[in-house]
Amino acid sequence: MAIGKIPWIERFSSSSTCTRVTFMLFVAFSLVGVWMFSSSTVVPLEISPQEGIKSESKKQLSQSDSRPLEDGSGNAFTQSYHWGETRADKFGVANSESNKINVGDQRDGQDNVIGENVVWNASHMEDKIIGHKFDDGLNNQEPNLSENINDNANGEKQGNDIKKIKPREFNDGYGMHSDKDNVRTKDGTKEEVFPNGFQVEHINETNTQVGGWSTQDTESRNEKELQASSSMGEVIKFNWKLCNVTAEADYIPCLDNDEAIKRLTTTKHYEHRERHCPEKSPTCLVPLPNGYRRPIKWPNSREKIWYRNVPHTKLVEFKGHQNWVKVSGEYLTFPGGGTQFKFGVSHYIDVIQKSLPDIAWGNQSRVVLDVGCGVASFGGYQFDKDVLTMSFAPKDEHEAQVQFALERGIPAVLAVMGTKRLPFPGMVFDVIHCARCRVPWHIEGGMLLLELNRLLRPGGFFVWSATPVYRKTEEDIGIWKAMSKLTKMMCWEIVSKMKDSVNKVGLVIFRKPSNNECYDQRAVNTPPLCQESDDLNASWNVSLLECMHRLPGDPVLRGFHWPAKWPSRLDKTPYWLGKAQVGIYGKPAPEDFQADFEHWKRVVSKSYLNGIGINWSNIRNVMDMRSVYGGFAAALRDLMVWVMNVVPIDSPDTLPIIYERGLFGIYHDWCESFSTYPRTYDLLHADHLFSRLKIRCNLLPVIVEVDRILRPQGILIVRDDLQTISEIQNILKSLHWDIRLTYSKEPEGLLCMQKKMWRPQEIEADSASVS
C-alpha cells in the first residue's frame, strides 16, 4: 500500500537521508506491529439478527430454556470473540488455538485415502483465506479462516495420523485447492460447511423441565453431582481387554446378564427375555467375529449378507423350508419369505392392501410395528411402499433373528411381550402387524393385547395372520373364539377377514375405535378403563396394566385426528402443538418445531453431507442418540438411510411428535446398554447428550457402549461442550479410532470420529473393568 507524505516528517533536513529512512522504517514496522497485534487478538464476528446473543450471557443461558434471542426492541445482540486466547492447556485440544477445524483423511468405500488432512485455524487472520465461510451450527458463523499446515512450533505432526500437505494448497474434502481459490467474492459469499442455525437454542436448553413437557425419568431432578470420568486436557491411559462372557461377539449386557437371570423366581411371562442390566456397566470390549468385513451395502443387503459377520445357522435349519434364510457360499441369503408368506412378502403386503384399501400403505399408513418379526422381511420390503416399520423380537431360540435384520439394513430392536410395557409412547403406530408371532393374546384377560391397544393410534389397524384365523383344529377354533370375544369387549371391529390363495394362509384386520362411544355403551366394564392418573406414554420399566385408556375427546388433543398423509406429515407441525405451549427451546411450540427442522436441514445439507468427509453410500443404519423433534432424521429423508430416534428418559418427552411426523423412535436410558446386538449401526449422532449424561453416570462405560453398537468403519458425530469433547476424544483415540474432524469454539465443539477394526488381544479374567 502506498504511503503519502506525512507533514511532520518533512521537518527533518533533506540532507539527513539515512536518518529519515531509518526513522520511517521504524515507524512503519511499529504500525505493522500494532496492526498484527490487533488483528490477531480480536476478531469481530457477524451474528445473524435472529440468532445473536450477548457473549457475557453464558451464565443466563444455563438458567432458562425460554430465554429470548433478541433484546426488548427486537434487535439482535452483538457479539465479539477473542480468538487469540488459547484453551489447549485446559481442554486438551490439539494445537494451541481455541478455534479450529481439523478435517481427517478422506477415504473411499474401500477405506483408501483419497485426500489428505488439513487443519483450518481461525486464530490468525492472514492475507490468504480459505474459500469457505464456515458456520458451525452453534450460532457462531465463522469468519474467513487462514490456511494452516497442521505443524506445531517444533515441526511435529498434530492429531491422529495427520499428514502434511504442500504449502499454498489444501484439501477441504472436495479436492485440492490453491491460493487462487482462497479469495472472497465481492459479495462476501462462500460455500458454507458448518451452517449457521438454531444450535444456540440447543445451548439454551437445560435440564429444567420446560412448560408442560414431562420426562420419562421424573427423578432426574434429583440427579447426583457430576462424576468426572477423566481430567480435562489429561491423556488417560487405558488397559483395554475383551469381555469374558459366554455370548462372546454377540454380547448384549442387559440381555446376557446370566447371574441376574439365574436369580429369577419365575420365567412364566418371559422374564428371562427382559432387560436385566448389570449393577456396574461393563467397560470391556466385544470381540469381532472371525473374518468380519464391512457389511454389504443397501439395497443388496436386503437379499444377502456376509455369513462371517453373523455366523449363525440355526434359523437356516429351522426355517429354511419357509424361505426365511439360506446359506449360499460365503453369504446368508434371504429369499423374502416367512412362516405366513413362503412365496414372498411383497405379495403378502399387497394382499393386505387389497383386503382393506383403507390401509393405504405409504400414504394413510406410514409407521408400523411388527411383533415377533423374525428376520424382518416384512419391514424390509415395506420400504418399497414408503412405510417405516419398527420390528422387534426377543433374543431367544430363534438365534440372531434381530441381528440378521439389522445386518440386512432393516430397522429392528430386541424386546419381548412380557411383564413390562414396550418402550414406546401411546397412540403412535398406524398399523400393528403379527404374522405367527407366537404371542398368546387371548390369555390372562388379554393383558398383552391391551398393550397393543395402548400403542395403536385411535382408528388404527391390527393385522393378525395366524392359524386360528383359518385352521379348524380344536385348539385354533378355541383361540379364535377367545380372541373374537376379547376384541369385541375392547371395542375393536373386524374390518376384513380373508384367505390368501397363494400362500394358503388367512388374516384378519381389526380396527381400534376412534372415540369413546363404544366404551361408554359397554354393559360390562371389562377390560376396565385405566385410571385417569395413568399416563399412557409412561413406558420405561413400567409394568403392564390390564386396562384401556380413554381416547381423546377434544379436537385439540393428540390422537383426535389422524395425522396428515405421508409425506406431508413429515414437514407439517402437529396440529396439537399450540402457540400457548412453550417449546423445548423457549419459543411457542409450533415455531420451535419449524426452527428446529430448518436448523437440521441446514446442518445436514451444508455440513454433514459434504463438509466432514462421510461417504454416505456406506451409511444405512443411523441412530440419533438424543433426538428432540426428529429434525435430524427428517433432514436425511432423501438418503437411503433410516434413523432410530432415541429420546433419553430424562429429556422432555417429544417422542410422540416424532411419530406424528411419520418417523419412529424409542425411549432409552443411556446409563444402560441399548437393546441391540453389537455392530449394528453405521452412524451415531449425539447432540449435547454426553455432557448431560455425566451428571447421572460415568462417561467411560457409555463410550464403551457406543463402541459396542457401532460397526467397524462406522461414524460418530458429537456436538457438545469442549470438556466433554476432549474426554470423548481421549477415550476413542485409545481405542484406535480415527479423527475425521474436530472443531472447537469456546464453549462448544464438534467431533467426528471413525471406528476401526482394532480389538485388544487380552481377555479379562472375570468382570474386571478397564483401569
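The values are calculated or read from the model by the stated rules, or taken from the named source; none is laboratory data. Keep in mind it's a predicted model, so treat the numbers as computed, not measured. Positions of Cβ are generated from backbone atoms using ideal geometry, with glycine treated the same way; all protein chains shown enter the neighbour counts. Please note that ligands, DNA and RNA were not included when accessible areas were found on the heavy atoms of the full protein model with its side chains. Shrake-Rupley method; radii C 1.70, N 1.55, O 1.52, S 1.80 Å.
List of remarks:
- Positions within region 683-692 being open to solvent by 10 Å² or more (accessible area, probe 1.4 Å) and within 15 Å of the chain's Cα centre (by Cα), in sequence order: H688
- For L456: the one exception among (1) more than 29 Å from the chain's Cα centre (by Cα); (2) without any contact (Cβ under 8 Å) to a residue 60 or more places away in the chain: (1)
- Scope region 490-506; condition open to solvent by 70 Å² or more (accessible area, probe 1.4 Å) and in contact with a Pro (Cβ under 9 Å, 6 or more places away or on another chain); matching residues: E493
- Listed conditions (1) within 23 Å of G459 (Cβ to Cβ); (2) touching a residue at least 40 places away in the same chain (Cβ under 8 Å); (3) open to solvent by 10 Å² or more (accessible area, probe 1.4 Å) are all met by K385, apart from (2).
- When region 565-585 is filtered for residues that are closer than 14 Å to Y629 by Cβ and part of a loop (DSSP other than H, G, I, E, B), the ones remaining, listed by number, are K572, T573, P574, W576, L577, Q581, G583, I584, Y585.
- Being over 30 Å from K342 (Cα atoms) and hydroxyl-bearing (S, T, Y) holds for only one residue in S501, S543, and it is S543.
- Cβ pairs under 6 Å, 6+ apart, first in region 298-311 and under 18 Å from G336 (Cβ atoms), second surrounded by fewer than 19 Cβ atoms within 10 Å (Cβ to Cβ) and of a type outside the set (A, V, I, L, M, F, W, C): K304/Y331; K304/T333
- Unmet criterion (only one of (1) in contact with a helix residue (DSSP H, G or I) (Cβ under 8 Å, 6 or more places away or on another chain); (2) open to solvent by 30 Å² or more (accessible area, probe 1.4 Å)) for G362: (2)
- Matching residues in region 270-305 - criterion: being open to solvent by 60 Å² or more (accessible area, probe 1.4 Å) and farther than 26 Å from G379 by Cα: E279, K280, N290
- Counting residues in region 367-375 that are within 25 Å of G336 (Cβ to Cβ), open to solvent by less than 20 Å² (accessible area, probe 1.4 Å), over 20 Å from the mean Cα position of the chain (by Cα) and at pLDDT 95 or above gives one or more.
- Being of a type outside the set (A, V, I, L, M), modelled with pLDDT of 95 or more, open to solvent by 50 Å² or more (accessible area, probe 1.4 Å) and out of contact with any Phe, Trp or Tyr (no Cβ under 6 Å at 6 or more places or on another chain) is a description that does not apply to G583.
- Any chance D720 is among the acidic types (D, E), open to solvent by less than 10 Å² (accessible area, probe 1.4 Å) and in contact with a His (Cβ under 7 Å, 6 or more places away or on another chain): yes
- Residues (touching a Lys or Arg at 6+ places or on another chain (Cβ under 7 Å) and under 30 Å from V310 (Cβ atoms)) located in region 681-701: Y681, D682, A686, L689
So that you can scan it fast, the table gives a plain yes or no per residue for (1) farther than 26 Å from M489 by Cα; (2) crowded, with 20+ Cβ neighbours inside 10 Å; (3) touching a helix residue (DSSP H, G or I) at 6+ places or on another chain (Cβ under 6 Å); (4) free of Cβ contacts under 8 Å to residues at least 12 places away in the same chain:
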site	(1), (2), (3), (4)
A415	yes, yes, no, no
L422	no, yes, no, no
R438	no, no, no, no
H442	no, yes, yes, no
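- For region 586-627, the tally of residues that are under 17 Å from the mean Cα position of the chain (by Cα), part of a helix (DSSP H, G or I) and farther than 18 Å from L570 by Cα stands at 4.
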